[in-house]
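Undergrad: Here it is, the structure, as structure tokens.
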Amino acid sequence: MEVTGRLQLEAWRRRTLPPVERVRPGLWSLPVPMTGNPLRYVLCYAFESGPGVTLVDPGWPFDGGGESLTAGLATIGARPEDVTGVLVTHAHLDHHGLASWVREKSGCWVAMHEAEQEALRRQANTETSAARTRRWRDAAGIPPDADADAPPSGASGTMTPTGLTDLEADFFLGHGDDARIPGRDVRALWTPGHTPGHLCFVSPDDAVILTGDHLLPRITPNISGYAYDTLDPLGDYLDSLTVLPEHDAYEALPGHEYRFRGIAARTATVRAHHDRRLAEIHNQVAGTPGVTAWEIASQVTWSRDWAEYSGFLLTSAVGETLSHLDHLEARGAIRRQGRSPVRWFAAAPQHERTGPARLPEGMITWR
Ligand SMILES: [Zn+2]
């Protein structure tokens, strides 16, 4: 993998905001700050389209996000009023958060995948969200006194203040659909996993892919947010990882961090990360029959000390563990018992099974 966003990498190291940059003729990256968040900023992309501008992920609505976006647009000679369309990679606040604000200023259209619209509607329903949160915590075996937030992303409303979930798309985009940027052939690529309706956008003429949160150069996106909306979000994600390497020669324009080349190599690294974690979690289940997601999460290897995890981070870690458990179950390697909490067991040995067992690649412990 080669970092092509040199100025962005420098800014990342210096903990400053990267500059507005022209990535291709008529295609710009505009950083929008996320103060106090470890992600630091989100990268909004602006396509000049005739007299107007089409934005991909207008960005984070807090910390003066609107002013930052306005300043970024001014750098390229545009105003929020000039925006004719907003494409949303996924309905997380750091990406879609400013969409309503931009639409109010400009009357532009907003487009996303239909599954993201459904996620927004679920989040807007705080009653179901609260019940979902309770079920989620009970199932994972999170102790009542643990300092964990509601489940991350799509599964709860607490992360998304009212007024930001009532965004209604003007039209939906599916895999391969034209993103309707005037004068450009930009298409949506459906890459579920981080969220159920996550979209990347590919522009063959520019030889770029806007990867949203699906593929980032440094971190792996959290896979857990809709653990109770679909059965196997990690399975979706691993399947989605096959989509981008077809365009390995293209430059990746991510939603955070910095631009890079080497999509196939980065994809392989991310896949290897999940394979290792699947093997680690499978070993834990095999070695501790009846273990809960909470107990596993406190044992697996994280990027920082487990005691440092609280709030949203803690919940994300438990969610990430759950998505690996769900995936191991979908592959027939483990099984669940009970509901609150769900307890996990290694599946029966292969010769007793009726169907062929599908083991995660790199899985070493089986019987
Ligand atoms: Zn993001």
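Undergrad: Roll a 1.4 angstrom probe over the protein heavy atoms and tell me the percent of accessible area of segment 278-352 that is carbon or sulfur.
TA: After summing per-atom areas, the C and S share lands at 46 percent.
Undergrad: Considering only P80, L43, G235, whose Cα is most displaced toward the positive end of the charge dipole of the chain, charges sitting on Cβ of Lys, Arg (+1) and Asp, Glu (-1)?
TA: About the Cα centre, the residue reaching furthest to the positive side is G235.
Undergrad: So for each of 210-219, 323-332 I average, over its residues, the number of other beta carbons within 10 Å; can you give me the resulting order with the highest mean first?
TA: Those peptides, ordered most packed to least, come out 210-219, 323-332.
Undergrad: Rounded to the nearest 5, what is the percent of antiparallel bridges among the DSSP beta bridges in the chain?
TA: Around 70 percent antiparallel, to the nearest 5.
Undergrad: Go through segment 18-32 residue by residue and turn each phi into a ³J(HN,Hα) via Karplus (6.51, -1.76, 1.60, θ = phi - 60°); whole Hz please, and just put x for glycine and proline.
TA: Rounded to whole hertz, the list is x, x, 5, 10, 8, 7, 9, x, x, 10, 10, 10, 10, x, 10.
Undergrad: Using a probe of 1.4 angstrom, how much of the accessible area of segment 2-269 is carbon and sulfur, in percent?
TA: Using a 1.4 Å probe with all protein chains present, segment 2-269 comes out at 51 percent carbon and sulfur.
Undergrad: Take the alpha carbon gyration tensor of segment 278-352, find the square roots of its eigenvalues, order them as a ≥ b ≥ c, and report rounded if a/c is under 1.5; if not, report prolate when a/b exceeds b/c, else oblate.
TA: prolate
Undergrad: Please get the size of the charge dipole for the chain, origin at its Cα centre, with Cβ charges of +1 on Lys and Arg and -1 on Asp and Glu, quoted in debye to the nearest 20.
TA: In total the dipole reaches around 820 debye.
Undergrad: Quick one: what do you get for the chain if you divide its Cα Rg by 2.2 N^0.38 Å?
TA: Expressed relative to 2.2 N^0.38 Å, the Cα Rg reads 1.00.
Undergrad: Connecting C-alpha atoms closer than 10 Å in a GNM of the chain, tell me which of E308, E104, E48 has the biggest fluctuation.
TA: Its mean-square fluctuation being the largest, the pick is E308.
Undergrad: Further question: If you plug each phi of segment 116-133 into the Karplus form 6.51 cos²θ - 1.76 cosθ + 1.60 with θ = phi - 60°, what whole-Hz ³J(HN,Hα) values come out, in order, with x for Gly and Pro?
TA: 6, 4, 4, 4, 4, 5, 5, 5, 5, 7, 5, 5, 5, 4, 5, 5, 4, 4
Undergrad: Which whole-number value in Å² is the accessible area per residue of segment 271-314, probe 1.4 Å?
TA: The answer is 47 Å² per residue.
Undergrad: If the elastic network links every pair of Cα atoms under 10 Å, which of A293, A146, A71 fluctuates the most in the Gaussian network model of the chain?
TA: A146
Undergrad: Report the relative contact order of the chain, percent, no decimals, based on alpha-carbon pairs under 8 angstrom and at least 6 residues apart.
TA: Contact order relative to length: 15 percent.
Undergrad: What does the accessible area per residue of segment 1-105 come to in Å², with a 1.4 Å probe and no ligands, DNA or RNA counted?
TA: Dividing the accessible area of segment 1-105 by its residue count gives 39 Å².
The values are calculated or read from the model by the stated rules, or taken from the named source; none is laboratory data. Computed from a prediction, not measured in an experiment: that's the story for all the values here. Please note: Cβ atoms are built from the backbone with ideal geometry, for glycine as well, and neighbour counts cover all protein chains shown. Each accessible area value is taken on the protein alone, full model and side chains, heavy atoms only, with ligands, DNA and RNA left out. Shrake-Rupley method; radii C 1.70, N 1.55, O 1.52, S 1.80 Å.
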